[in-house]
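*Asks:* Quick one: the structure is below, questions incoming.
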């Protein structure tokens, strides 16, 4: 692995004596001696870069989330190593920070390490995406967000207008974008129309509250998880910056754990973390804990190679135009469905034609109804 220490400022050494079952005792932190990072592990780092936010929040971070995180107990099933690489200090220009983030994320992902980044404004997702572009890998992004953050083509890139900029990049490596937690008052009709035309996915906050299972396949289908801290209800955070409606604290931790469990997710970012207080610091620490606990509990059952460990169901729709093949894992009871794509596309779409779904999608197909996720994926593949 290339030397990443040049991008980081070490942490201030903590004088707290953690007991052997606390995270502070097991995490390998950068206190001046940069750690040698092993593969199949997690690397946490922070980036207090807010210049992409039009409100020009100070770039200085005074969050104490690390203290709250270190004091939490590790779980007995945690076997994989956890690193805290420290802080990427904002560069002289915003593009310098972008370069540092993309270089770090690229190197970590290439070497089998899952980056966990605490931002900064949400436009930093673009810097993480650039790492996948360097790898020439098609990606799926799942945003936990109250808005779509699309913006107009002529609007400067910012925390609330980054998605269009990402779509306009050439070549574009974004295969799918899913939003969980959208609140319609914060979405313009033309934005909703664009999402529909691009066959992207939306699970509105009300739909999530009715049934979490509607969101789980989107989390399992993502490479990048982009969590906007402002999607959490203001009363949960003692915050003046968040919105009156949003996720409850236990819901956001549930989302975080399911993101960690997903075998496909290899980047987790928490953005727009700006209103520091003891409650928000502790909640951020718990969000990290649940993602790591999910990561440590992965089943490794994404059906990309042998299908020996799966039940296979072949559903013929009555119109005769499509047969949908479903797979159910022996290990986890999770479901996927296979979507065909033209053979001339080669291996480009190998990771994307097996779509995570729910038992309800199978039940819908048995009733001769085309699952929405299957149809959207088919349109993108063909």
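The values are calculated or read from the model by the stated rules, or taken from the named source; none is laboratory data. All of these numbers come straight from a predicted model, not from anything done at the bench. All Cβ positions, glycine included, derive from the backbone under ideal geometry; neighbour counts span all protein chains shown.
*Asks:* Sort through 131, 187, 215, 222 and tell me the only one that's under 16 Å from the mean Cα position of the chain (by Cα) and more than 23 Å from residue 283 (Cβ to Cβ).
*Replies:* Result of the check over 131, 187, 215, 222: 131.
*Asks:* Can you tell me which condition residue 33 does not meet? The list is (1) assigned to a loop (DSSP other than H, G, I, E, B); (2) touching a helix residue (DSSP H, G or I) at 6+ places or on another chain (Cβ under 6 Å), and all the others hold.
*Replies:* Failed condition: (2).
*Asks:* Moving on. Determine which member of the set 329, 305 is at pLDDT below 85 and either under 17 Å from residue 217 (Cβ atoms) or not assigned by TED's automatic domain parsing to the domain that holds residue 82 (or both).
*Replies:* Just a single option satisfies the conditions, and that option is 305.
*Asks:* Follow-up question, since we're still on this one. Select from the range 281-303 the residues that are in a helix (DSSP H, G or I) and free of Cβ contacts under 8 Å to residues at least 60 places away in the same chain and list them in ascending order.
*Replies:* Of everything in the range 281-303, those that are in a helix (DSSP H, G or I) and free of Cβ contacts under 8 Å to residues at least 60 places away in the same chain turn out to be 283, 290, 294.
*Asks:* If you go through the range 52-76, how many residues are over 24 Å from residue 125 (Cβ atoms) and at pLDDT 90 or above?
*Replies:* Adding up the residues that qualify gives 8.
*Asks:* Of these, 46, 73, which one is more than 18 Å from residue 267 (Cβ to Cβ), in contact with a strand residue (DSSP E or B) (Cβ under 8 Å, 6 or more places away or on another chain) and touching a residue at least 24 places away in the same chain (Cβ under 8 Å)?
*Replies:* After ruling out the rest, the residue left standing is 73.
*Asks:* Based on what the data block shows, is residue 200 more than 25 Å from residue 120 (Cα to Cα) and within 20 Å of the chain's Cα centre (by Cα)?
*Replies:* yes
*Asks:* Is it the case that residue 324 is in contact with a strand residue (DSSP E or B) (Cβ under 7 Å, 6 or more places away or on another chain), surrounded by 15 or more Cβ atoms within 10 Å (Cβ to Cβ) and under 23 Å from residue 115 (Cα atoms)?
*Replies:* Considered against the rule, which asks whether it is in contact with a strand residue (DSSP E or B) (Cβ under 7 Å, 6 or more places away or on another chain), surrounded by 15 or more Cβ atoms within 10 Å (Cβ to Cβ) and under 23 Å from residue 115 (Cα atoms), residue 324 comes out as no.
*Asks:* Sticking with this structure for a sec: Can you tell me how many residues in the range 227-245 are surrounded by 22 or more Cβ atoms within 10 Å (Cβ to Cβ) and part of a loop (DSSP other than H, G, I, E, B)?
*Replies:* Selection size over the range 227-245: 1.
*Asks:* Could you count how many residues in the range 204-222 are in contact (Cβ under 8 Å) with a residue 60 or more places away in the chain and in a helix (DSSP H, G or I)?
*Replies:* Residues that pass the stated criteria total 7.
*Asks:* Would you mention how many residues in the range 351-374 are surrounded by 14 or more Cβ atoms within 10 Å (Cβ to Cβ) and not in a loop (DSSP other than H, G, I, E, B)?
*Replies:* Count: 11.
*Asks:* While we're looking at this one, here's another question. Out of the residues in the range 11-24 that are surrounded by 14 or more Cβ atoms within 10 Å (Cβ to Cβ) and out of contact with any strand residue (DSSP E or B) (no Cβ under 7 Å at 6 or more places or on another chain), which is nearest to residue 287 (Cα to Cα)?
*Replies:* 23
*Asks:* If the requirement is being at pLDDT 90 or above, part of a loop (DSSP other than H, G, I, E, B) and in the same structural domain as residue 283 (by TED's automatic domain parsing), which of these qualifies: 20, 49?
*Replies:* Going through 20, 49 in turn, just one is at pLDDT 90 or above, part of a loop (DSSP other than H, G, I, E, B) and in the same structural domain as residue 283 (by TED's automatic domain parsing): 49.
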